Ligand code: ATP
Ligand code: MG
């Protein structure tokens, strides 16, 4: 044990481990300790356990076809419909009056859709889409905020076999146009506008602007979200959502039986690094994998109230607000607002009132809760919670422990789930009913997933060493290709660690990681986020983790700066918790923590305190921008930021400090 920052720490960076409580294990969907081994000895047939959670129109015979690697095919001779799996089959099994979606609006509005309600509205809208000319395999673009019409539109598309492409509502007109153009999409579903901190915000004008630059004719459906608060007029080729549903009231549409390998949807990655990629997901393998991980990792049961507080505009919301939970017939909470409006206890008020059993969010949110302090969750009864989850970025031990303690009451297991738009569903995580948790580490690869940390030659690294995070065997939820073309798919993800001549394929995630003696994987960050100080390759995440370990620190971002002599040095941006003033003592503790966790080589040349860090719309820290600020460079486009105003403040601070 080493004493650091006044807290005791074991020699592993993750600190102490936690076993899942017996009370959790006893009720867990998956509690068989032999599951990892069973999947291993029985691969790929083990994945039928996932596929068996679905209802197939035609059962599959073949589990995996790998003769055209890396274009793998899963359950490929089976047929199914995703909307049928998320709706019809629950009506048939007597759950039609069970709540499917509990929607919590920004202005305090609430709407509950039972499975029957959702079925009716999805059918009506599916009939309307058909009438507008949407045919099987046409890409329908959906540009909606977090309102119930968003999942309804997705399921309506799935019902008629039209792949959807959801574009996050906060993205610009240009971003929408680029994505519609790339997918040659001729149908758009949007709304008049939505509320942002109480003000009406115009969405339709953004959609209108996007359409101007497109070559193809676009038919548009507009959801009236704001009514008189923001009147709008419909032009040519525009229809009102509610009028359409009225026109097709009571109509039902036979779910189109899709080949398991047919595209369910297209999803552009968030663009934290480089150009967004149009990731193509299948119907059978994707749905099986999200249903299985909702069952095994998130431990969702039909009678639970489950809440993934992400936005459906990103993959997390696709997989774990819509498809996974609805395939299992549970109640999925959908929240339109932000965590701090009208007050910073908004989420806990929702958990309390809905008696939420499972809560899934991102480290960026957890760090904000920690920064705001425990008074807010303490105002509410959170004892209904049974399991907590996190996804999106690495989470260091301190926020992990804070989350478990202050939200989970000290006895909820926490699953730190690593996955990507491209993996479709969770691929690395502890199974909460089976595995021990090590705060700061995502955990072992899921049963059946061959995630490995390798060196530049593709050989497994020794425990404790850092390397590239790769996956050696296919998995059902994996992306099938990129919409831009098969070639880019191979170049982006497969070329680096595969040997096509030997027909050996290894997927490269673009992340770096470390693995320990127990096979637990700690994700360090992206390959691009490495600072080379005098020939030492330092991972930004690791340094950030050491900073975040300091009491009073809320979050940190670290970048490389080229000094006058042309050498790279470490530059740290730090925000502190609400009640903690950034003073010399915090600065000293930060430097000490970095030295003890990594070494003096990683000691930052400068520590800049800022009230917030610049974040993308999906909540990830924009290190590229901070690097430009540190290097006094011209800043590129900041429109992708959620909080562009902070950049000026940071620049002023950096100017003062240098
Ligand atoms: P782009 O690929 O366009 O740059 P993105 O990678 O941010 O965007 P996503 O697919 O939403 O888009 O995010 C996946 C990435 O998020 C992972 O590659 C990893 O860097 C990070 N990530 C997700 N979950 C975790 C986790 N539990 N621990 C650490 N990192 C995570
Ligand atoms: Mg990515």
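Data for the structure
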{"quantity": "Some residue of the stretch 379-391 being closer than 29 Å to residue 622 by Cβ, away from ligand 2 (no atom under 16 Å from the Cβ) and not in a strand (DSSP E or B)", "calculated": "no"}
{"quantity": "Residue identified as touching a strand residue (DSSP E or B) at 6+ places or on another chain (Cβ under 6 Å) and in contact (Cβ under 8 Å) with a residue 40 or more places away in the chain among 558, 550, 574", "calculated": "558"}
{"quantity": "Qualifying strands (runs of 3 or more DSSP E) (wholly inside the stretch 274-346; at least 2 residues being more than 14 Å from residue 423 (Cα to Cα))", "calculated": "305-308, 331-335"}
{"quantity": "Leading residue by the ranking (surrounded by the fewest Cβ atoms within 10 Å (Cβ to Cβ)) among those in the stretch 647-656 that are in contact with a strand residue (DSSP E or B) (Cβ under 9 Å, 6 or more places away or on another chain) and modelled with pLDDT of 85 or more", "calculated": "647"}
{"quantity": "Single residue of 611, 582 found to be in a loop (DSSP other than H, G, I, E, B) and crowded, with 17+ Cβ neighbours inside 10 Å", "calculated": "582"}
{"quantity": "Residue that is touching a strand residue (DSSP E or B) at 6+ places or on another chain (Cβ under 9 Å), in contact (Cβ under 8 Å) with a residue 24 or more places away in the chain, buried (at least 24 other Cβ atoms within 10 Å of the Cβ) and on the phi < 0 side of the Ramachandran plot, where the choices are 498, 441", "calculated": "441"}
{"quantity": "Set 458, 467: member being farther than 26 Å from residue 45 by Cβ and in a loop (DSSP other than H, G, I, E, B)", "calculated": "458"}
{"quantity": "Considering residues of the stretch 458-486 that are loosely packed, with under 13 Cβ neighbours inside 10 Å and modelled with pLDDT under 95 only, the residue nearest to the chain's Cα centre (by Cα)", "calculated": "485"}
{"quantity": "Residue that is farthest from ligand 1 (Cβ to nearest atom), among those in the stretch 602-618 that are out of contact with any helix residue (DSSP H, G or I) (no Cβ under 9 Å at 6 or more places or on another chain) and at pLDDT below 90", "calculated": "617"}
{"quantity": "Odd one out for residue 592 among (1) surrounded by fewer than 20 Cβ atoms within 10 Å (Cβ to Cβ); (2) at pLDDT below 90; (3) more than 20 Å from residue 371 (Cα to Cα)", "calculated": "(2)"}
{"quantity": "Breaking point among (1) within 30 Å of residue 484 (Cα to Cα); (2) more than 16 Å from ligand 2 (Cβ to nearest atom), for residue 328", "calculated": "(1)"}
{"quantity": "Selection count where residues are in contact (Cβ under 8 Å) with a residue 60 or more places away in the chain and within 19 Å of the chain's Cα centre (by Cα), scope the stretch 339-363", "calculated": "3"}
{"quantity": "Hits in the stretch 508-519 (condition: within 12 Å of ligand 1 (Cβ to nearest atom) and surrounded by 24 or more Cβ atoms within 10 Å (Cβ to Cβ))", "calculated": "512, 513"}
{"quantity": "Only one of 394, 399, 439 that is touching a helix residue (DSSP H, G or I) at 6+ places or on another chain (Cβ under 8 Å), more than 11 Å from ligand 1 (Cβ to nearest atom) and either part of a loop (DSSP other than H, G, I, E, B) or under 25 Å from residue 34 (Cβ atoms) (or both)", "calculated": "439"}
{"quantity": "Number of the condition not met by residue 235 [criteria: (1) outside any strand (DSSP E or B); (2) in contact (Cβ under 8 Å) with a residue 40 or more places away in the chain; (3) surrounded by fewer than 19 Cβ atoms within 10 Å (Cβ to Cβ)]", "calculated": "(2)"}
{"quantity": "Members of the stretch 520-534 that are in a strand (DSSP E or B) and either modelled with pLDDT of 95 or more or within 11 Å of ligand 1 (Cβ to nearest atom) (or both)", "calculated": "521, 522, 523, 524, 525, 526"}
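Yes or no, residue by residue, for (1) more than 16 Å from ligand 2 (Cβ to nearest atom); (2) closer than 27 Å to residue 444 by Cα; (3) in contact with a helix residue (DSSP H, G or I) (Cβ under 9 Å, 6 or more places away or on another chain):
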| position | (1), (2), (3) |
| --- | --- |
| 521 | yes, yes, no |
| 538 | yes, yes, yes |
| 544 | yes, yes, no |
| 555 | yes, yes, yes |
| 566 | yes, no, no |
| 571 | yes, no, yes |
| 576 | yes, no, yes |
| 579 | yes, no, no |
| 582 | yes, no, no |
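The values are calculated or read from the model by the stated rules, or taken from the named source; none is laboratory data. Source: prediction; values computed, not measured. Quick reminder, even Gly has a Cβ in these numbers, built from the backbone with ideal geometry, and neighbours come from all protein chains shown.
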